[in-house]
Amino acid sequence: MKACINNGIDNLYLVDEKLRGKRLGLVTGPTGVSRDLQSTIDILNEKYNLTCLFSAEHGIRGNAQAGDKVGTSIDGRTGLPVCSLYGQTRHAAEDALSQVDTVVFDMQDVGLRFYTYLYTLTNMMEDCAKYKIPLIVLDHINPLSGIKLEGTMLDERFSSFVGKYALPTRYAMTIGEFASYINSEKSIACDLTVCPCSGWKRDMYYDDTDLIWIQPSPNMPTIETALCYTGSCMFEGTNLSEGRGTTKPFEIIGAPWLNAYEVIEHMQSYNIEGVKFRETYFNPTFSKYAGQVCCGVQLHITNRDVFESFKTSLLMLDFIRKNYNEFEFLEIRSRKTIELLLGTDAIFRDDFEPLPFIESEKKKLDIFKKEAQKYLIYS
């Protein structure tokens, strides 16, 4: 029996007094829906005075691919202005905020540090603090559960829009808990309210609930994708395809020059639990190696409770970079993309070894877990 869950949008009665009679701005996207799939835009537009929409990466209706700039526009369904938070600037324009008394945020993230929705939210928190506008987060459950932490603690010298704060890669908080944590720990001083979920327990994954999965972004079709993405996102910082342009993004890693059989043989030597590796061939329709046949490794999760996604991908990456002359790290604006995704430059040190590095990062994750405890809403 799947657990019956309400996200924040389904518990609007808890914040009704803060919404009624106010001019509302709404930051949302395709995942902003109630449990019966009614759009948050439509709900707020019918019940309250919705005056302005704000769009994050991928657009208000999910019509933009990863990294595509989102322009200011008019929403065709409601006729409301849509102000971009993922264009020339990633902060709300002062004239847009002058049209609202309260801002509402309703977006599903995936519980991973490099999801840009997190920083759209914190940027809006900063804007609201500056102009003394209350902000209400309609909370969503963490689809990867709220217990297990993985990866690195970001060194804020490598802060970017795919990792702004010192957080674990997989940080085991809901987006509402995250907002409360950042608001306090970074002294943003936003007048913040979190409208909570109900029925969710921290050990629940998304598919343990009766909620319908809606892709949080174009390349996040399933829970398995998100689990693999915990680690395989790092391949975005390399000239290996991370499977964009296929039906299995982040579950397959490859390139025309890769010997997948050799990689799999090496990975099997670690006896990693919860995952099996399979040689596969794929032809991306866009992104890296579009129109070229790639030889790759597909990750098949067999036990998500023990699967260590970050460890798996880092071991694979380390083996490939040391054994293939074709391998390259990519750069963006003169910075190594891998440093932004990992939140550290440790991988470029002469003495870097994956397993000791992961163990050293786990100590940092344990410290974070204790610090974050007081911001957790759910048991």
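The values are calculated or read from the model by the stated rules, or taken from the named source; none is laboratory data. Bear in mind that the values here come from a model prediction, so they are computed numbers and not experimental data. Please note: Cβ atoms are built from the backbone with ideal geometry, for glycine as well, and neighbour counts cover all protein chains shown. Protein only, heavy atoms only, side chains kept; ligands, DNA and RNA dropped before computing areas. Shrake-Rupley method; radii C 1.70, N 1.55, O 1.52, S 1.80 Å.
Numbers at a glance
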read-out: Residue among G231, N283, F114 farthest towards the positive dipole end of the chain, charges placed on Cβ; value: F114
read-out: Linear extension gain, D350 paired with I212, 0.36 nm per residue minus alpha-carbon span; value: 45.0 nm
read-out: Extension gain, Y261 back to A290 (0.36 nm per residue minus Cα-Cα distance, nm); value: 8.2 nm
read-out: DSSP bridge orientation in segment 78-218 - percent antiparallel, rounded to nearest 5; value: 35
read-out: Eligible lysines near K248 by straight Cα distance, threshold 28 Å, same-chain separation 8 or greater; value: K2, K69, K148, K164, K276, K288, K311, K322, K336
read-out: MRE, 222 nm, helices only [DSSP H, n ≥ 4, -39500 (n - 2.57), over the chain, to nearest 500]; value: -8000 deg cm²/dmol
read-out: Selection of trypsin sites (Lys or Arg not before Pro), segment 338-379, meeting DSSP coil and at most 16 other Cβ within 10 Å; value: R349
read-out: Label-point gap, in nm, between R321 and S360 - each point 7 angstrom along Cα→Cβ; value: 1.4
read-out: Surface/4 of the Cα convex hull for segment 157-213, nm²; value: 5.4
read-out: Carbon plus sulfur fraction of accessible area for the chain, probe 1.4 Å, in percent; value: 48
read-out: Considering only the chain, percent of DSSP beta bridges that pair antiparallel, nearest 5; value: 50
read-out: Placed amide H near T209: partners under 5 Å, 5+ positions off or other chain; value: A3
read-out: Given charges at beta-carbon only (K, R positive; D, E negative), |dipole| of the chain in Debye; value: 440
read-out: Kyte-Doolittle at least 1.0, axis length at least 27 Å by Cα - qualifying DSSP helices, the chain; value: none
read-out: Potential extension, S379-K132 segment - 0.36 nm per residue separation minus Cα distance; value: 85.7 nm
read-out: Check: segment 1-135 dipole with +1 on Lys, Arg Cβ and -1 on Asp, Glu Cβ, in debye; value: 100
read-out: Whole-Å semi-axes of the chain's equivalent ellipsoid (Cα gyration tensor); value: 36, 22, 20
read-out: Separation of the R157 and D191 label points, Cα + 7 Å toward Cβ, nm; value: 4.0
read-out: Average accessible area per residue (Å²) across segment 59-211 - probe 1.4 Å, nucleic acids and ligands excluded; value: 33
read-out: DSSP loop chymotrypsin sites (Phe, Trp or Tyr not before Pro) with at most 15 other Cβ within 10 Å: longest gap in the chain; value: 1-160
read-out: Student exercise, segment 97-166 dipole from Lys, Arg, Asp, Glu Cβ charges, in Debye to nearest 20; value: 140
read-out: Per-pair calculated FRET efficiency, R0 = 51 Å: K276 and R23 via Cβ, rounded to 0.05; value: 0.40
